[in-house]
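Engineer: Questions regarding the structure given below will be posed in turn.
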Amino acid sequence: MGTTVKILGASGYSGGEVARLVAGHPSLDLAVAAGDRRAGQALSGAHPHLVGAGDVRLVGLEDALDAPADLCFSCLPSGELGDCLARLEAGIVIDLSDEFRVGGWLYGLTEFVRDRLPGATRVANPGCYPTAALLCLLPFARAGTITGPVIIDAISGFSGAGRRAEDHLLLSAGAGNVAAYGTTAHRHIPEIELALSGLGGLETTVSFTPHLAPTPRGVLVTARAGLRAAMGDDDALDVLRSLYGDEQLIEVVEGWPATKPVAGTGRAHVSARVDERNRLLIASAAIDNLGKGAAGQALQNANVILGIEESTGLGAYGVWP
């Protein structure tokens with residue numbers, strides 16, 4: 001028997017993606033899956049693609065907290081896990097919400113904290129937007145080549161908004177429509193600024209504008225930052241290659257990243273160019289918001305914590321078309 005797993009919030013999109021990845025992992029066994037609104041149903045009732053992946057049935061949150069497990073992935077909405085921690089039976093907890101990301105638990109941007117993950121018991125998984133933004137910006141922050149302010153435009157598929165019925169998430173409203181949303185004080189801004197400082201040594205402010213696009217999955221970030229000294233496109237790509245050249249789940253691509261090639265994977269595609277006329281770095285990253293932006297990165301962190309080869313259960317390439 002492998003490491004036993006429980007998932008809180010297993011009926012949502014990120015919870016379903018965690019369950020899918022655990023089902024295909026050779027060293028993890030799903031023991032408990034909590035989903036209050038669907039308690040009593042088979043897990044495949046909430047996630048039809050998991051038919052045949054086991055006979056786990058969803059239970060209520062209260063029952064799940066007391067059930068023993070080695071590892072817990074919490075996909076509960078932000079603010080709900082804290083009240084449960086005193087009762088939560090699990091040696092390792094990885095939280096996919098933003099409840100403990102700023103000034104709380106170990107911030108689990110795997111490639112930048114892997115030396116701190118072994119032995120960790122409380123990990124705050126980064127958000128999908130911050131993950132994409134940081135993966136394309138941190139190499140330049142660490143190299144000392146950029147300055148602020150940093151301007152980030154980002155696009156997400158509909159699953160990034162969660163599994164809930166709201167007018168703007170209905171097919172009739174979202175199909176054929178792309179729109180910005182949120183405010184200039186978006187909740188991801190402090191997370192990105194803190195990570196740029198703590199992991200990249202860049203003290204700066206961030207202007208962040210998210211957009212919703214009519215696609216089920218994917219996050220695409222295009223970020224702009226001032227250059228401290230002149231550089232060209234090849235120099236920018238070399239900065240990325242020097243940091244990510246040996247990474248299994250991050251690819252530096254020659255062209256601009258796109259969301260479809262990473263859909264359904266735990267991979268990230270990154271690239272960069274230089275706008276010489278305006279002396280700006282333009283950096284871009286594409287991830288699956290449910291993969292590298294949520295469940296995939298959570299599993300990657302769990303692998304490192306447990307001493308399992310890091311890409312186990314995550315090595316699949318994207319599909320095309």
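Engineer: Could you name every one of the helices (runs of 4 or more DSSP H) located completely within the stretch 151-251 that has at least 1 residues being under 22 Å from ALA263 (Cα atoms)? Talk me through it step by step, then tell me what you get.
Structural biologist: Working: elements: 171-174, 188-200, 233-244.
The qualifying helices (runs of 4 or more DSSP H) are 171-174, 233-244.
Engineer: Any residue in the stretch 8-18 that is farther than 22 Å from GLY293 by Cβ, in a helix (DSSP H, G or I) and outside the structural domain of ARG217 (by TED's automatic domain parsing)?
Structural biologist: Kept after step one, since they are farther than 22 Å from GLY293 by Cβ, are these residues of the stretch 8-18: none.
No; the residues of the stretch 8-18 include none that is farther than 22 Å from GLY293 by Cβ, in a helix (DSSP H, G or I) and outside the structural domain of ARG217 (by TED's automatic domain parsing).
Engineer: Sticking with this one: Considering only the stretch 284-297, I want to know if a residue exists there that is farther than 28 Å from SER11 by Cα and over 19 Å from the mean Cα position of the chain (by Cα).
Structural biologist: Here is the first cut: in the stretch 284-297, the ones farther than 28 Å from SER11 by Cα are 284-285.
Filter once more, so that each one left must be over 19 Å from the mean Cα position of the chain (by Cα): none.
No, every residue in the stretch 284-297 fails to be farther than 28 Å from SER11 by Cα and over 19 Å from the mean Cα position of the chain (by Cα).
Engineer: Still on this structure: Let me confirm something: among ALA64, ALA90, ALA69, ALA31, which residue is among the aliphatic types (A, V, I, L, M) and either closer than 23 Å to CYS128 by Cα or in a helix (DSSP H, G or I) (or both)? It would help to see each step written out before you state the result.
Structural biologist: Working: ALA90 fails: either closer than 23 Å to CYS128 by Cα or in a helix (DSSP H, G or I) (or both); ALA69 fails: either closer than 23 Å to CYS128 by Cα or in a helix (DSSP H, G or I) (or both); ALA31 fails: either closer than 23 Å to CYS128 by Cα or in a helix (DSSP H, G or I) (or both).
After applying the criteria, what remains is ALA64.
Engineer: Select from the stretch 38-61 the residues that are assigned to a helix (DSSP H, G or I) and surrounded by 14 or more Cβ atoms within 10 Å (Cβ to Cβ) and list them in ascending order.
Structural biologist: ARG38, LEU43, SER44, GLY45, ALA46, LEU50, LEU61
Engineer: Regarding ALA120, is this residue in contact (Cβ under 8 Å) with a residue 40 or more places away in the chain, in contact with a helix residue (DSSP H, G or I) (Cβ under 6 Å, 6 or more places away or on another chain), in the same structural domain as LEU61 (by TED's automatic domain parsing) and small (Gly, Ala, Ser)? Walk me through how you get there before you give the answer.
Structural biologist: Values: in contact (Cβ under 8 Å) with a residue 40 or more places away in the chain: yes; in contact with a helix residue (DSSP H, G or I) (Cβ under 6 Å, 6 or more places away or on another chain): yes; in the same structural domain as LEU61 (by TED's automatic domain parsing): yes; small (Gly, Ala, Ser): yes.
Against the criterion (in contact (Cβ under 8 Å) with a residue 40 or more places away in the chain, in contact with a helix residue (DSSP H, G or I) (Cβ under 6 Å, 6 or more places away or on another chain), in the same structural domain as LEU61 (by TED's automatic domain parsing) and small (Gly, Ala, Ser)), ALA120 qualifies.
Engineer: With the structure loaded, tell me whether ARG279 is touching a residue at least 40 places away in the same chain (Cβ under 8 Å), among the charged types (D, E, K, R) and in contact with an Asp or Glu (Cβ under 9 Å, 6 or more places away or on another chain) or whether it fails that test. Steps first, answer last, please.
Structural biologist: Details: touching a residue at least 40 places away in the same chain (Cβ under 8 Å): yes; among the charged types (D, E, K, R): yes; in contact with an Asp or Glu (Cβ under 9 Å, 6 or more places away or on another chain): no.
For ARG279, the condition - touching a residue at least 40 places away in the same chain (Cβ under 8 Å), among the charged types (D, E, K, R) and in contact with an Asp or Glu (Cβ under 9 Å, 6 or more places away or on another chain) - is not met.
Engineer: Next question. Filter the stretch 144-159 down to residues that are farther than 16 Å from ILE192 by Cβ, under 24 Å from the mean Cα position of the chain (by Cα) and small (Gly, Ala, Ser), then give me how many there are.
Structural biologist: Number satisfying all stated conditions: 2.
Engineer: Hey, another quick one. Among the residues of the stretch 207-218, is any hydroxyl-bearing (Ser, Thr, Tyr), assigned by TED's automatic domain parsing to the domain that holds GLU193 and touching a residue at least 60 places away in the same chain (Cβ under 8 Å)? Even if it seems obvious, please write down each step before you answer.
Structural biologist: Here is the first cut: in the stretch 207-218, the residues hydroxyl-bearing (Ser, Thr, Tyr) are 207, 209, 215.
With the extra rule that they be assigned by TED's automatic domain parsing to the domain that holds GLU193, the set shrinks to 207, 209, 215.
If we keep only those that are touching a residue at least 60 places away in the same chain (Cβ under 8 Å) as well, we get none.
Checked the stretch 207-218: no residue is hydroxyl-bearing (Ser, Thr, Tyr), assigned by TED's automatic domain parsing to the domain that holds GLU193 and touching a residue at least 60 places away in the same chain (Cβ under 8 Å).
Engineer: With (1) in contact with a helix residue (DSSP H, G or I) (Cβ under 9 Å, 6 or more places away or on another chain); (2) outside the structural domain of HIS25 (by TED's automatic domain parsing) as the list, and GLY60 as the residue in question, which single condition is left unmet?
Structural biologist: All conditions pass for GLY60, except number (2).
Engineer: Criterion first (touching a His at 6+ places or on another chain (Cβ under 8 Å) and surrounded by fewer than 19 Cβ atoms within 10 Å (Cβ to Cβ)) does VAL253 satisfy it?
Structural biologist: Working: touching a His at 6+ places or on another chain (Cβ under 8 Å): yes; surrounded by fewer than 19 Cβ atoms within 10 Å (Cβ to Cβ): yes.
Considered against the rule, which asks whether it is touching a His at 6+ places or on another chain (Cβ under 8 Å) and surrounded by fewer than 19 Cβ atoms within 10 Å (Cβ to Cβ), VAL253 comes out as yes.
Engineer: Could you tell me which of the residues GLY35, GLY9, GLY15 is within 21 Å of SER97 (Cβ to Cβ), crowded, with 24+ Cβ neighbours inside 10 Å, out of contact with any helix residue (DSSP H, G or I) (no Cβ under 7 Å at 6 or more places or on another chain) and small (Gly, Ala, Ser)?
Structural biologist: Numbers: GLY35 fails: out of contact with any helix residue (DSSP H, G or I) (no Cβ under 7 Å at 6 or more places or on another chain); GLY9 fails: out of contact with any helix residue (DSSP H, G or I) (no Cβ under 7 Å at 6 or more places or on another chain).
None of the other options fit; the residue is GLY15.
Engineer: Tell me which residues, restricted to the stretch 184-205, are in contact (Cβ under 8 Å) with a residue 60 or more places away in the chain and hydrophobic (A, V, I, L, M, F, W, C). Talk me through it step by step, then tell me what you get.
Structural biologist: Of the stretch 184-205, the ones in contact (Cβ under 8 Å) with a residue 60 or more places away in the chain are 187-188, 190-192, 194-196, 198-202.
Of everything in the stretch 184-205, those that are in contact (Cβ under 8 Å) with a residue 60 or more places away in the chain and hydrophobic (A, V, I, L, M, F, W, C) turn out to be ILE192, LEU194, ALA195, LEU196, LEU199, LEU202.
The values are calculated or read from the model by the stated rules, or taken from the named source; none is laboratory data. Keep in mind that this is a model prediction, so the values were computed, not measured. Ideal geometry is used to build each Cβ from the backbone, glycine not excepted, and the neighbour counts take in all protein chains shown.
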